[in-house]
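What follows is a single structure, written as structure tokens, with notes after it.
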Amino acid sequence: MKQYIRKADIILLIILIIIGVASTIFVVQSKSGGDTVIIESNGKLYGKYSLYEHHEITVEAQDKAHSHNVVIIDNGKVFVAESSCQNQVCVQHRAISRTGESIICLPNRLVVRIEGKGGGYDTITS
Amino acid sequence: MTQSPRKHSTAQWIARVAIMTSLALIFSYVESIIPYNPGIPGIKLGIANAVTIIALYTFGSKDAFTVNVIRIILAGLLFNGIFGMLYSLAGSMLSLAGMIILKKTKLFSIIGVSMAGGVLHNLGQLLIAAALIEDIRIFFYFPVLLFSGIAAGIAIGIVATLIMRVAKQAI
């Protein structure tokens, strides 16, 4: 054993740290657009939207003329901003962002849910 | 210091591998009962890899490979479960292959080889996880696992260096 740390070790370390920093930047910037927001009205599919694009969707129920909900998708989060219903449960619901979460407005028969692979990374934790 | 395992009898080789495997297995066990949870699976010290590195440097790649495979299968059956075994196997095979190559270049010290081994171990686990879950987004983990691999690899490399400095005369 000549030396405990050699020049090549330092070079390798620097390369690995550069890869690490670069991949961190890459991961932070590319919040993957895989997840989709699914809006169902009256039991039927109303529309699919990307979770990572800004959308403001006004959903009008087909059977009731005055029923409407405004769903806002912003920065990976979805919430109901406005609703014509009496109880306003859907408006008070906190914003959802993970696969499998949903906001439901029963009076207007509206379901907003997030679909996609993954669901956090809980699946691989044993 | 023994260079080639073939110079000795098979019985000697089996005994030596068995001793090192039991040592590595004890390290695996000790690690599995340390109660710490960093919140992200895959981040751990990998104390047993110190034995792999010492085996690699003292007895050669054949011994290191054999010790590693037996240790992982036994640790999988005893503590980690079959899936843990699969992850470990993928990680350590990639790690060992990388370490053997780096050692052959003769440019790196034990610490550097161990550091690369730590990173490759985590990369192998990540690849097998991506294959099992079929979700490429698991690579969001990559930076965290890379840095933890560097840290664990350097720590294990220092430990292996110190142990070998003492044990060299004894082996």
Seminar exercise, completed: Over all Cα pairs of the protein assembly as shown, the Kirkwood radius sets Rh, and Rg/Rh then becomes 1.18
Exercise. P(r) for chain B: what percent of alpha-carbon pairs falls in each 10 Å bin, starting at zero?
Worked result: 10, 40, 36, 12, 2
Exercise. R0 = 22 Å: FRET efficiency of A:Gln88 with A:Ile38, Cβ-based, nearest 0.05?
Worked result: 0.50
For this session: Mean Kyte-Doolittle of at least -1.0 plus a Cα span of 27 Å or more along the axis: flag which DSSP H helices in chain B meet both, please.
Result: B:10-33, B:81-105, B:110-133, B:142-167
Problem set entry | Farthest toward positive dipole pole in chain B [+1 Lys/Arg, -1 Asp/Glu at C-beta], among B:Val17, B:Gly98, B:Phe140 | B:Val17
Exercise. Quick one: B:Phe139, B:Phe27, A:Phe26, fewest Cβ neighbours within 10 Å first, how do they rank?
Worked result: A:Phe26, B:Phe139, B:Phe27
Problem set entry | Sorted by Cβ neighbour density within 10 Å, fewest at the top, the residues A:Asp74, B:Asp63 | A:Asp74, B:Asp63
Problem set entry | Rg/Rh ratio calculated on Cα atoms of segment A:36-124 (Kirkwood radius) | 0.97
Problem set entry | B:Ile14-A:Lys7 pseudo-label distance in nm [points 7 Å out on the Cα-to-Cβ vector] | 4.8 nm
Seminar exercise, completed: If A:Cys85, A:Cys90 are placed from fewest to most neighbouring beta carbons inside 10 Å, the sequence is A:Cys85, A:Cys90
Problem set entry | Partnerless cysteines, meaning none of the other Cys C-beta atoms lie under 4.7 Å away, in the protein assembly as shown | A:Cys85
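Around A:His54, what is the net charge, scoring Lys/Arg as +1 and Asp/Glu as -1 over all other residues with Cβ under 12 Å from its Cβ?
Every neighbour counted, the sum reads -2.
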For this session: Partner chain Cβ atoms within 10 Å, averaged over the residues of B:160-167 - can you pull that number for me?
Result: 1
Problem set entry | Distance violations [Cα-Cα > 24 Å] among A:Lys44/A:Lys77; A:Lys7/B:Lys44; B:Lys44/B:Lys106; A:Lys7/B:Lys62 | A:Lys7/B:Lys44; B:Lys44/B:Lys106; A:Lys7/B:Lys62
Exercise. At B:Val30 and A:Ile14, where each label point lies 7 Å from the Cα along Cα→Cβ, what is the point-to-point distance in nanometres?
Worked result: 3.6 nm
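Since every read-out is calculated from the coordinates, none of them should be taken as a lab result. As the structure is a computational prediction, the values presented were derived from the model and not from experiment. Counting neighbours? That spans all protein chains shown, and the Cβs are built from the backbone with ideal geometry, glycine included.
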